[in-house]
Each structure stands twice: as C-alpha cells, then as structure tokens.
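Novice: Structure incoming, see below.
The values are calculated or read from the model by the stated rules, or taken from the named source; none is laboratory data. The shown structure was predicted, so the numbers you read here are calculated from the model rather than taken from an experiment. We place every Cβ from the backbone using ideal geometry, glycine too, and count neighbours over all the protein chains shown.
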Ligand code: ATP
Ligand code: MG
C-alpha cells in the first residue's frame with residue numbers, strides 16, 4: 001500500500017506557473033483540471049514530464065485567453081493547444097469524446113464536449129482518468145485513487161473493447177507497469193493477452209517508443225517475464241526461446257537475466273537478442289522498429305559482437321577500440337560479461353580473457369593510445385607527395401596509426417616516413433593490404 005497523503009485536494013503541489021494557467025481558465029468561466037500522467041505522477045510524488053490540462057474551453061478560446069503567452073496549435077482538430085509557461089510546454093486539451101475506432105489505433109471522429117466525465121471515460125486506465133480542480137478537488141469516477149494506492153493498472157470500461165479500439169494501450173499498460181512497478185488487474189491483463197495480435201496495427205515508431213520505455217524502467221524484467229506472450233508479438237524472434245529449456249530456465253528467461261545485467265535500453269534490447277542464431281538479427285529488429293541510423297548501427301554492433309570478438313592481445317584490442325570507440329567497445333564488453341554470468345555452465349577461461357581485454361583497453365586509454373588518423377603527424381597529402389596513390393594512402397595511414405598506438409613508434413613525420421620506407425616492398429597504389 002502506498003500512503004498517498006497528497007490525495008487531499010488542497011495539498012496537491014502544482015507548480016505556481018501551471019497553477020496560474022488553471023486559475024485564468026477557471027476565472028474566465030471555463031473549467032480547467034489537471035489530468036493524465038501529470039496528475040498521476042504528482043499524486044505518486046514521482047518526477048513529472050509533460051503537463052496535461054483538460055478544459056471546457058475550445059482550442060481557439062484557449063489561444064485567445066493566452067495571447068500573452070507563446071501558444072502552439074499542436075493538434076487543433078484533436079483539441080490540443082500547447083501553452084509555453086516559463087518554457088514548460090503545457091498541453092491544454094479541450095474535453096472530448098471519441099467516435100468509433102476502425103483501425104485499432106485512432107478514433108474515426110472526435111467531438112468536443114462540455115462534460116469532464118465524458119472526457120475521463122475515453123482515457124485508458126483508471127489511474128490516468130483522474131482529474132483535479134483547485135476548488136473541487138479530485139474527480140474520480142472510476143476508482144483511480146484506490147488503484148493508485150494499491151498499485152493497480154485497470155482499464156476504464158470493458159477491457160477487451162478498449163484494447164480492441166486502440167492496441168497501443170496494451171504497450172502503454174506494460175510501460176506503466178514497468179515504470180511504476182504496478183500490477184495489471186487480471187481482467188485487464190487477460191484482455192491485453194487476447195488482443196495482442198492487434199499490435200500489428202500500431203506504427204513501428206510508437207512500438208519503439210513504448211518498448212524503450214519498458215526496457216529503460218526499473219521493473220522491466222518482471223514485465224518481460226510475466227507478459228512474455230505479449231512481448232514476443234513485438235519481438236517475434238524471441239518467441240521460440242520460450243520453449244527451449246536450459247536447466248531450470250528457458251532461453252527466454254536467460255535472455256531477460258542477461259538484460260538485467262546491463263543498464264541502458266538499447267543495450268538491454270541487444271542483450272535480449274544476443275543469443276539468437278539469426279544473421280544480422282540486431283540490424284533487422286532495429287530497422288523494423290525504425291530506430292535512428294546511429295541506433296541501428298549501435299544495436300547491430302552490440303548483437304553481432306557475440307561472433308566478432310577481439311583476442312586478448314594489444315593489437316586486436318587496439319583494433320576493436322579503433323573500430324568501435326571507447327564507449328561502444330565498453331558496452332560490448334559489459335554485454336559479454338553479462339552473457340558469461342548467465343550461462344548455465346560457467347566459463348572461467350572466457351571470463352579471464354574478458355578481464356585481460358578490459359585491462360589492455362584501459363591501459364591503451366590511460367597511455368593515450370586511442371588516437372585517430374587525424375592525430376598522426378603526417379597526412380594523406382604527405383603520402384601523395386611521397387608517391388602514394390589511391391587506396392594505398394589510407395592503408396598506409398592505418399598501418400602507421402597501429403604502429404604508433406600498439407608498438408610505440410614515435411609520432412613524428414620523419415619517423416613515420418622512414419617507417420614506410422623500411423616497410424619496403426609495399427605497393428604505393430592499388431588494392432588495400434590488410435595487416436592482421
Ligand atoms: P507519460 O506522460 O508518462 O508518457 P501519460 O499517461 O501522461 O504518460 P500521455 O501520452 O502524455 O501519457 O497521455 C496523457 C493522457 O492521455 C493519459 O494519461 C491518458 O489519460 C490519455 N491517453 C493517452 N494515450 C491514450 C490512449 N492511447 N488511449 C486512451 N487514453 C490515452
Ligand atoms: Mg503525459
């Protein structure tokens with residue numbers, strides 16, 4: 001049980017610059033309430049992010065009333081005006097009710113209404129369907145206050161209907177469970193399970209956003225384990241892992257254990273996919289979920305590092321550092337350690353090698369040997385002048401960088417040029433020559 005002392009209407013700590021927006025609307029004979037995630041998080045005494053207000057005023061009326069503020073017509077058709085109050089974007093949304101949903105994602109029509117209750121009824125969960133007014137206190141038609149106190153996520157209205165209308169709500173429920181550590185009321189959970197295949201109607205971007213929030217939050221392992229049947233709709237490649245036992249645990253459970261041992265959301269996603277034998281699986285999943293190009297590269301590198309892992313010598317560790325950079329290489333090593341820790345049969349040899357690689361990497365960084373081509377004392381121009389052509393230029397520079405960083409060759413122009421001479425017999429043009 002959570003002690004929600006803040007549930008007394010008069011003690012809700014709405015910041016003054018938000019309070020003055022509410023007061024202005026109410027003084028102008030409209031109604032304005034604090035609603036949504038902002039109210040939920042205030043009541044729980046958790047950090048708030050975006051601020052949701054609901055009002056009987058129409059969008060044009062909100063814009064007119066706050067003409068001395070910067071306002072953005074964010075979604076006029078859906079009734080949302082963003083008012084910038086001391087740089088905080090406040091979403092002021094007109095009370096509305098929604099028509100039928102034919103695409104399992106968005107209502108075909110919305111209507112503005114003067115009724116707060118109508119507005120609360122369209123909201124997804126009881127803990128998100130509360131409203132607070134400075135004079136009237138808490139408005140709670142669906143028992144959201146008790147559910148907040150008890151830590152329960154419960155659909156407003158008939159759960160199957162609500163998830164059938166909008167399948168994104170299934171992931172929103174899991175995300176809230178992961179962030180708040182709440183449990184999902186069983187009829188709500190059953191309906192989520194029954195309607196899970198409708199997630200195919202949800203845009204990949206929205207799935208990605210909710211998935212990352214699930215993975216970032218404190219209770220993600222519980223959610224992934226308890227709602228595996230839903231998570232494997234989003235990550236179907238993980239489906240078969242649930243059936244394969246390794247000792248007491250399934251390979252799915254082991255993947256979750258691996259993810260628990262790393263910290264950021266993309267790294268956790270990579271940890272989930274790490275042990276799946278499908279070529280380029282990290283890239284495939286990240287592209288399907290429309291991650292940014294950088295994230296696709298990062299997730300791909302993290303997952304494929306399983307089969308592309310350096311030896312414990314200075315040369316190959318330096319190559320890995322040069323290729324991935326300190327941060328990504330560090331994340332790769334963390335993932336490797338997590339994987340070794342969750343293996344059923346412990347592998348002392350592999351752990352020793354990991355320690356050695358980590359040590360060599362640290363030593364290279366400490367001695368400033370994580371140089372880039374641009375740090376070299378000579379450039380491509382110097383090699384052109386020395387008669388090098390085409391790909392041989394880049395290859396020679398890479399070779400010198402390795403000699404400087406790994407073999408402590410002094411980084412001075414005359415030394416570097418002499419090194420190329422003594423290297424002798426190398427082509428000054430043509431295809432690159434890779435030294436391993
Ligand atoms: P957070 O701000 O932490 O992302 P939130 O619950 O505020 O969580 P928003 O997307 O900001 O999420 O939505 C604000 C409010 O709008 C919600 O609290 C809920 O009342 C309502 N809402 C949002 N999305 C839906 C949905 N798909 N179906 C029904 N109601 C929704
Ligand atoms: Mg919100």
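Novice: Could you please find all residues in segment 176-196 being under 16 Å from residue 215 (Cβ atoms) and surrounded by fewer than 23 Cβ atoms within 10 Å (Cβ to Cβ)? Working first, answer last.
Specialist: The first filter runs over segment 176-196 and keeps only residues under 16 Å from residue 215 (Cβ atoms), leaving 176-181.
179, 180, 181 - these are the residues of segment 176-196 that are under 16 Å from residue 215 (Cβ atoms) and surrounded by fewer than 23 Cβ atoms within 10 Å (Cβ to Cβ).
Novice: Checking the structure you have, find out if any residue of segment 105-126 is in contact (Cβ under 8 Å) with a residue 24 or more places away in the chain, out of contact with any strand residue (DSSP E or B) (no Cβ under 9 Å at 6 or more places or on another chain), more than 13 Å from ligand 1 (Cβ to nearest atom) and on the phi < 0 side of the Ramachandran plot.
Specialist: yes
Novice: Also: Before we move on, is residue 208 away from ligand 1 (no atom under 13 Å from the Cβ) and at pLDDT 95 or above?
Specialist: Working: away from ligand 1 (no atom under 13 Å from the Cβ): yes; at pLDDT 95 or above: yes.
When the stated conditions are applied, residue 208 passes them.
Novice: Separate question: Given the conditions (1) within 16 Å of ligand 2 (Cβ to nearest atom); (2) within 25 Å of residue 76 (Cβ to Cβ), which single one is not true for residue 179?
Specialist: (2)
Novice: Okay, moving on. Restricted to segment 81-96, and to residues that are in a strand (DSSP E or B) and surrounded by fewer than 17 Cβ atoms within 10 Å (Cβ to Cβ), which residue is nearest to ligand 2 (Cβ to nearest atom)? Spell out the reasoning first.
Specialist: Step one: list which residues in segment 81-96 are in a strand (DSSP E or B), which gives 81-85, 88-94, 96.
Still in the running and surrounded by fewer than 17 Cβ atoms within 10 Å (Cβ to Cβ): 84, 88-89.
Values: 84: 16, 88: 13, 89: 11 Å.
Once the filter is applied, the top-ranked residue is 89.
Novice: I've got another one for you. Being closer than 21 Å to residue 254 by Cβ and touching a residue at least 40 places away in the same chain (Cβ under 8 Å) is the filter here, so list the residues in segment 285-320 that pass it.
Specialist: 285
Novice: Are any of the residues in segment 62-80 within 13 Å of ligand 2 (Cβ to nearest atom), loosely packed, with under 13 Cβ neighbours inside 10 Å and free of Cβ contacts under 8 Å to residues at least 40 places away in the same chain?
Specialist: The answer is no; no qualifying residue exists.
Novice: Kindly list, by first and then second residue, each pair from a residue in segment 50-61 that is more than 9 Å from residue 34 (Cα to Cα) and in contact (Cβ under 8 Å) with a residue 12 or more places away in the chain to a residue that is within 16 Å of ligand 2 (Cβ to nearest atom) and assigned to a loop (DSSP other than H, G, I, E, B), limited to pairs with Cβ atoms under 7 Å and residues at least 6 apart or on different chains.
Specialist: Partner pairs satisfying both residue conditions: 59/79.
Novice: Take the residues in segment 34-57 that are within 19 Å of residue 169 (Cβ to Cβ), assigned to a helix (DSSP H, G or I) and over 21 Å from the mean Cα position of the chain (by Cα); name whichever of them is nearest to ligand 2 (Cβ to nearest atom).
Specialist: Here the residue is 36.
Novice: Which residues, counting only those in segment 306-329, are in a helix (DSSP H, G or I), crowded, with 16+ Cβ neighbours inside 10 Å and under 27 Å from the mean Cα position of the chain (by Cα)?
Specialist: 306, 320, 321, 322, 324, 328, 329
Novice: May I ask you to say which residue of 154, 175 is free of Cβ contacts under 8 Å to residues at least 40 places away in the same chain, within 14 Å of ligand 1 (Cβ to nearest atom), touching a helix residue (DSSP H, G or I) at 6+ places or on another chain (Cβ under 7 Å) and within 30 Å of residue 269 (Cα to Cα)?
Specialist: Details: 175 fails: free of Cβ contacts under 8 Å to residues at least 40 places away in the same chain.
Just a single option satisfies the conditions, and that option is 154.
Novice: Counting just the residues of segment 44-74 that are more than 12 Å from ligand 1 (Cβ to nearest atom) and out of contact with any strand residue (DSSP E or B) (no Cβ under 8 Å at 6 or more places or on another chain), which one comes out modelled with the lowest pLDDT?
Specialist: Once the filter is applied, the top-ranked residue is 45.
Novice: Could you tell me whether any residue of segment 19-33 is at pLDDT 95 or above and under 30 Å from residue 200 (Cα atoms)?
Specialist: No, every residue in segment 19-33 fails to be at pLDDT 95 or above and under 30 Å from residue 200 (Cα atoms).
Novice: Something else: Quick one: what pairs do we get from segment 31-47, first residue farther than 20 Å from residue 114 by Cβ and touching a residue at least 60 places away in the same chain (Cβ under 8 Å), second within 9 Å of ligand 2 (Cβ to nearest atom) and part of a helix (DSSP H, G or I), C-beta under 8 Å, 6+ apart or different chains?
Specialist: Sorted first by the residue in segment 31-47, then by its partner, the pairs are 37/128; 40/128.
Novice: Do we have residue 88 as within 16 Å of ligand 1 (Cβ to nearest atom) and out of contact with any strand residue (DSSP E or B) (no Cβ under 8 Å at 6 or more places or on another chain) here?
Specialist: Working: within 16 Å of ligand 1 (Cβ to nearest atom): yes; out of contact with any strand residue (DSSP E or B) (no Cβ under 8 Å at 6 or more places or on another chain): no.
Against the criterion (within 16 Å of ligand 1 (Cβ to nearest atom) and out of contact with any strand residue (DSSP E or B) (no Cβ under 8 Å at 6 or more places or on another chain)), residue 88 does not qualify.
Novice: Select from segment 127-151 the residues that are near ligand 1 (Cβ under 10 Å from one of its atoms) and assigned to a loop (DSSP other than H, G, I, E, B) and list them in ascending order.
Specialist: Those that are near ligand 1 (Cβ under 10 Å from one of its atoms) and assigned to a loop (DSSP other than H, G, I, E, B): 129, 130.
Results for (1) more than 18 Å from residue 289 (Cβ to Cβ); (2) touching a helix residue (DSSP H, G or I) at 6+ places or on another chain (Cβ under 8 Å), shown as yes or no for each residue.
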position: 226; (1), (2): yes, no
position: 237; (1), (2): no, yes
position: 247; (1), (2): yes, no
position: 261; (1), (2): yes, yes
